[in-house]
1. Does residue 130 count as of a type outside the set (Gly, Ala, Ser) and over 17 Å from the mean Cα position of the chain (by Cα)?
2. Would you point out the residue of region 147-187, among those that are of a type in the set (D, E, K, R), more than 19 Å from the chain's Cα centre (by Cα) and in a helix (DSSP H, G or I), that is modelled with the lowest pLDDT?
3. Would you pick out the residues in region 235-266 that are of a type in the set (Phe, Trp, Tyr) and either loosely packed, with under 15 Cβ neighbours inside 10 Å or not in a loop (DSSP other than H, G, I, E, B) (or both)?
4. Can you tell me which residue within region 347-362, out of those that are of a type in the set (Val, Ile, Thr) and surrounded by 14 or more Cβ atoms within 10 Å (Cβ to Cβ), is nearest to residue 90 (Cα to Cα)?
5. Right, residue 205: more than 23 Å from residue 336 (Cα to Cα), at pLDDT 95 or above and under 28 Å from the mean Cα position of the chain (by Cα) or not?
Amino acid sequence: MPLLEASTATHARYLNFIAEGLIDDGAGGPGSGSGISGSAVGGSSSGSSAVPIEDVVAGTGQDMNVSAATADDDDGNTHLTFVIVKCFIIGFIILAAILGNMLVIVSVMRHRKLRIITNYFVVSLAVADMLVALCAMTFNASVMISGKWMFGSLMCDMWNSFDVYFSTASIMHLCCISVDRYYAIVQPLDYPLIMTHRRVFIMLLMVWLSPALLSFLPICSGWYTTNENWKYLKSHPHICEFKVNKAYAIVSSSMSFWIPGIVMLSMYYRIYQEADRQERLVYRSKVAALLLEKHLQISQIPKPRPSIQVEQSTITTMRRERKAARTLGIIMSAFLLCWLPFFLWYITSSLCDSCITPRIVVGILFWIGYFNSALNPIIYAYFNRDFRAAFKKTLKSCCPYAFINCRDIFRMGGGAGGGRDLVGGIGRRGTNGARTGSGSADMPNCMMNSTASSEIHMSVMRARQTYAVTVTPTMDALAEQQLHPLYTN
């Protein structure tokens, strides 16, 4: 009886598989060696599975189908997660580059204080970086997300030209800024004679014209690649590859990265040396002043309270050089970390025919270089005190309620009578004269912070009167502050 029941159950399962289409109708009995239909496994009617009919009848074939479907679902979920993360990172870089550089441009246009010679390079750099995001990153993002080129062979050449042109212009702007800071810090007296409006205009003109010799001219004419690859790309408009020949790889990488990078390293090394020299000089001056004052105290020689006169220009120079030394490390680190990996791969893959790099690695190298365009507004603008104030005013004019601080709440919420607090509730006066109410919980903190700030300010002023002297700023010091305010913090 158990054998008969098992045989009956097996036959019933076999008939169910035939009815569901998992087994061909002419496959024979349960003992035949026919396999599962291909449509049940891969969705195609051609071919048959390697699963024997005995496994299907026994139930293991269905388990294998379920396992295969589960594996496909897992792969699909993993791919979807990867695409979402990739879209988020790419979108963040593009938006940060566009909005950050646009904020720099608008801030300079709105605030007359920022319209100085040095900031001409910063604004021009912001324009170049914003165009990198608009004309280069967007097309690369479409390829990274969709996995194919959808705009034809002509737009492929234009995209490659835009990419090379604006990226090279951005790097050349960094080089010009390094030269400008070199003369402003190492040779401050000669800076007004060297960096005139005319010379700055010529430098910016060369920065915007010279990248065209590396981008539009050789790319649109086909000089940048081999004849075979040029014909292949023209006959396959759905493919867009930037495969360069060895001569173009050497010339373009040298003009776009290696030569500007060497100039930047040289300029910033000289700036660092000058900053270190000024800091050691000021330190020795302070030590000598303290020793002299101590000697006068021991000798009981009467002296006026302003006993030691310190040049204001020396103090200004020391502060400026210290900020320059702190900032140049961030500048060079960001530049090298973003662009050095890409250009190392670029020159290596161009000279080594047998070197093959995965597409995902190439895409990552491209976007690390693009990320430098999003960092430049932070590095070259946010580290300037005037730019920070201009950013705050510009954003405050766009989003005023996002910048209401504690003092604004106290000023707007308090009054002679019982007014309504901004936080909510009707305010009233308590017995001690303090404002109370449902919205006044933060007011004591504001008053405490204001009192603490006043005490700190008075302590600093007393310390200055005790240990420092009244110093009259010289015209040279004021001129240096106006000439190069990039390091005011």
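1. Values: of a type outside the set (Gly, Ala, Ser): yes; over 17 Å from the mean Cα position of the chain (by Cα): no.
The answer is no for residue 130.
2. So the residue we want is 181.
3. First, the residues of region 235-266 that are of a type in the set (Phe, Trp, Tyr): 242, 248, 257-258.
248, 257, 258 - these are the residues of region 235-266 that are of a type in the set (Phe, Trp, Tyr) and either loosely packed, with under 15 Cβ neighbours inside 10 Å or not in a loop (DSSP other than H, G, I, E, B) (or both).
4. Filtering region 347-362 down to residues of a type in the set (Val, Ile, Thr) leaves 347-348, 356-357, 360-362.
Of the ones still in play, those that are also surrounded by 14 or more Cβ atoms within 10 Å (Cβ to Cβ) are 347, 362.
Numbers: 347: 25, 362: 14 Å.
Filtering region 347-362 for residues that are of a type in the set (Val, Ile, Thr) and surrounded by 14 or more Cβ atoms within 10 Å (Cβ to Cβ), the one nearest to residue 90 (Cα to Cα) comes out as 362.
5. On the way: more than 23 Å from residue 336 (Cα to Cα): yes; at pLDDT 95 or above: yes; under 28 Å from the mean Cα position of the chain (by Cα): yes.
Yes, satisfied.
Listed here are the residues, each with its yes/no results for (1) buried (at least 19 other Cβ atoms within 10 Å of the Cβ); (2) out of contact with any Asp or Glu (no Cβ under 9 Å at 6 or more places or on another chain); (3) outside the structural domain of residue 129 (by TED's automatic domain parsing); (4) modelled with pLDDT of 85 or more.
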residue: 306; (1), (2), (3), (4): no, yes, no, no
residue: 310; (1), (2), (3), (4): no, yes, no, no
residue: 317; (1), (2), (3), (4): yes, no, no, no
residue: 328; (1), (2), (3), (4): yes, yes, no, no
residue: 336; (1), (2), (3), (4): no, yes, no, yes
residue: 364; (1), (2), (3), (4): no, yes, no, yes
residue: 381; (1), (2), (3), (4): yes, yes, no, no
residue: 407; (1), (2), (3), (4): no, yes, yes, no
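The values are calculated or read from the model by the stated rules, or taken from the named source; none is laboratory data. Just so it is clear, the model here is predicted, and its values are computed rather than measured. Cβ: placed from backbone, ideal geometry, glycine included. Neighbour counts: every protein chain shown.
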